[in-house]
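Quick notes on the structure that follows.
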Amino acid sequence: MTWGLQEVTVSFAGQPALRGVTLGLDPGRISIVVGGDGAGKTTLCRTIVGLESAEAGDVSRPARTCFQPETSGVWSDLTVEENLEFVAGGYHLDPAHARSRIGELLEATNLGPARDRLGRQLSGGMRQKLGVAMAVLSEPDLLVLDEPTTGLDPISRLELWSFIVGSAREGRAILVSTSYIDEAQRGDSVLALDEGHVLASGTVADVLASMPGRLFTSAGRITPGSWHRGHSWRTWSPDGSPLAGATETTPDLADVVTVAALAEEGR
Amino acid sequence: MSTIQADGLTRRFGDMVAVDSLTFRVGPGEVVGLLGANGAGKTTTMKMLLGLLSPTAGEARIDGTLIRDLDRRVMGYVPQGLGLYRDLTVRENLEFAAAAFGVPAPSLEAAGLGAVSGRRVGELSLGLRRRVAFVVARCHEPAVLILDEPTSGVGPLGRARLWETIHETAETGAAILVSTHYMDEAEECDRVVLMADGREVAAGTVDEVVGNVRSVAVSGSVPDAVVEELHRRGGTVLLDNHGWRVVGLDLATVAGAVAPGGTATEVPATFEEAFVSFSS
């Protein structure tokens, strides 16, 4: 890996928030960290960018690293264009280059028609897109986005993802945290966290292949560990033995992470 | 056994229409999902059903009785903020709510929460807090349950456990209206109402909503100018690491635009793409 975390532990008041987490970040690749509230996603993002200190393990990042916090970081009393100009000034970008870069980003995010609108007048999706545009304005080598899509409508989410993928194609390493497990499939690699533990990590294909045992689906609950999924039930057979009254099914990412959480519960 | 019925439900705040002519029904034993982004009007709809906001137009009834005339004890509600006392234990929260409704507190053991009954709510994980809030909202066995984003922020296993509880409650005959911004939770609902900007954009079972909506998957090299052209023709062009997906344009249009560098194939739309198609 080029940058990232190696066996990193972070604690607050003696309570571990990340426990021995390893995550690789490479140019041109998107890494996704997925988990619920309290899983450690924000701590992981803040540790990578240097806002939290690791009590154990190694953290590495490029000099040019940008971070968009969950709140998007947009100034509500500045217009879209003023937000971008203010950030460009902060990075001391050459004015001509800044103008050209801002033009490119307004076009790529479809925010051009809203360039004179105040930050507080933007929809959630527009605000998040502006936040990401501000974060990539200085052309960082690593971009860290903390839950950029939470609560957005599907169109805004998909537009934002298109922008993020386009940004990775420029050669940038990108880390995105999310609570939506379906978004994990949009990355090159995924790290699933639960209360600071790594439940699963690797490429999506690796994670899908990593599930021990076999997964079954049935019309009703088979064991106390069965869980509801859609209009049927899923049951994990850790040793792969067949289950009466159930048929084997191919697990998706949500299944694999659920199995990993069940295995963690059983330890 | 109760039925929720909303007819032309509308709520304005000044010039802003938060909910616009919404009509839907939730029957006994049904789980109906209100799906949409933040600001789509889901919470405002729920507040009107709870009698916390008056409709500007239209009406909502439970078993034929207007909400304003209703004995609210038929309803249970889990708000987004959960409405629990963080400094009280799980048992104390439940006993307080049960006493307020004048009913005996139900068993925490039966709800699988016996192990945490003596712990303060503020010390619990979000997934456990959400389960506690659900048990508290059900303590008086309401015939109607209104759950505002009950799984928000919870990991996959916690979400699965919460949905089990929701389905078990529906099997007792309760009518359940649940809001979510997780599109993949549509599969947990008997029917869904998709909302955008206060309006219903689609409704029905997941299969009915997706229906015959098709997307076009594009592989190969597609220049930026072609993507812009597809946008101009009214398509929504989505990029992921597996290539492009185009919603809202037919196969021939997309295939012609992306040739010769790209190859287009018609594929069934995902639920999310169907939502995009309806919302565009």
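Conditions tested, residue by residue: (1) under 29 Å from B:Glu171 (Cα atoms); (2) in contact with a helix residue (DSSP H, G or I) (Cβ under 7 Å, 6 or more places away or on another chain).
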position: B:Thr10; (1), (2): no, no
position: B:Asp15; (1), (2): no, no
position: B:Gly33; (1), (2): yes, yes
position: B:Gly36; (1), (2): yes, yes
position: B:Gly41; (1), (2): yes, no
position: B:Met46; (1), (2): yes, no
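Taking the condition open to solvent by less than 50 Å² (accessible area, probe 1.4 Å), within 14 Å of chain A (Cβ to nearest Cβ) and under 29 Å from B:Val206 (Cα atoms), does B:Gly27 pass?
no
I'd like to check something: does the range A:93-107 contain any residue that is more than 24 Å from A:Ala63 (Cα to Cα) and either basic (Lys, Arg) or crowded, with 18+ Cβ neighbours inside 10 Å (or both)? Explain how you work it out, then say what you get.
Quick first cut of the range A:93-107, residues more than 24 Å from A:Ala63 (Cα to Cα) only: A:103, A:106-107.
Narrowing the set further to residues that are either basic (Lys, Arg) or crowded, with 18+ Cβ neighbours inside 10 Å (or both) leaves A:106.
Among the residues of the range A:93-107, at least one is more than 24 Å from A:Ala63 (Cα to Cα) and either basic (Lys, Arg) or crowded, with 18+ Cβ neighbours inside 10 Å (or both), which makes the answer yes.
Determine which single condition A:Lys129 fails, assuming it passes every other condition in (1) under 24 Å from A:Arg61 (Cα atoms); (2) open to solvent by less than 10 Å² (accessible area, probe 1.4 Å); (3) assigned to a helix (DSSP H, G or I).
(2)
If the requirement is being modelled with pLDDT of 90 or more and within 14 Å of another protein chain (Cβ to nearest Cβ), which of these qualifies: A:Ile155, A:Ile102, A:Ile174? Reasoning before the result, please.
Values: A:Ile155 fails: modelled with pLDDT of 90 or more; A:Ile102 fails: within 14 Å of another protein chain (Cβ to nearest Cβ).
Matching residue, one of A:Ile155, A:Ile102, A:Ile174: A:Ile174.
Count, please, the residues in the range A:31-49 that happen to be open to solvent by 40 Å² or more (accessible area, probe 1.4 Å) and either basic (Lys, Arg) or more than 12 Å from the chain's Cα centre (by Cα) (or both).
First, pick out the residues of the range A:31-49 that are open to solvent by 40 Å² or more (accessible area, probe 1.4 Å): A:37-38, A:42, A:46.
Narrowing the set further to residues that are either basic (Lys, Arg) or more than 12 Å from the chain's Cα centre (by Cα) (or both) leaves A:37-38, A:46.
Within the range A:31-49, residues that are open to solvent by 40 Å² or more (accessible area, probe 1.4 Å) and either basic (Lys, Arg) or more than 12 Å from the chain's Cα centre (by Cα) (or both) number 3.
With respect to the numbered conditions (1) more than 9 Å from every other protein chain (Cβ to nearest Cβ); (2) surrounded by 16 or more Cβ atoms within 10 Å (Cβ to Cβ), which one is the sole condition not fulfilled by A:Pro224?
Against the list (1) more than 9 Å from every other protein chain (Cβ to nearest Cβ); (2) surrounded by 16 or more Cβ atoms within 10 Å (Cβ to Cβ), A:Pro224 comes up short only on (2).
Do we have any residue at all in the range B:198-207 that's assigned by TED's automatic domain parsing to the domain that holds B:Ala111, farther than 26 Å from A:Gly187 by Cβ, basic (Lys, Arg) and out of contact with any helix residue (DSSP H, G or I) (no Cβ under 9 Å at 6 or more places or on another chain)?
yes
Would you kindly identify the strands (runs of 3 or more DSSP E) lying entirely within the range B:197-280 that contain at least 3 residues that are away from chain A (no Cβ under 11 Å), more than 27 Å from A:Ile30 (Cα to Cα) and open to solvent by 30 Å² or more (accessible area, probe 1.4 Å)?
B:199-204
Taking the range B:33-61, which residues are in a strand (DSSP E or B) and buried (at least 22 other Cβ atoms within 10 Å of the Cβ)?
Passing the criteria: B:Gly33, B:Leu34, B:Leu35, B:Ala60.
The values are calculated or read from the model by the stated rules, or taken from the named source; none is laboratory data. This one's a predicted model, so the numbers in the text were calculated from it and none came from an experiment. We place every Cβ from the backbone using ideal geometry, glycine too, and count neighbours over all the protein chains shown. The protein model used for the area step is the full one, side chains on, heavy atoms only, and it has no ligands, DNA or RNA in it. Shrake-Rupley method; radii C 1.70, N 1.55, O 1.52, S 1.80 Å.
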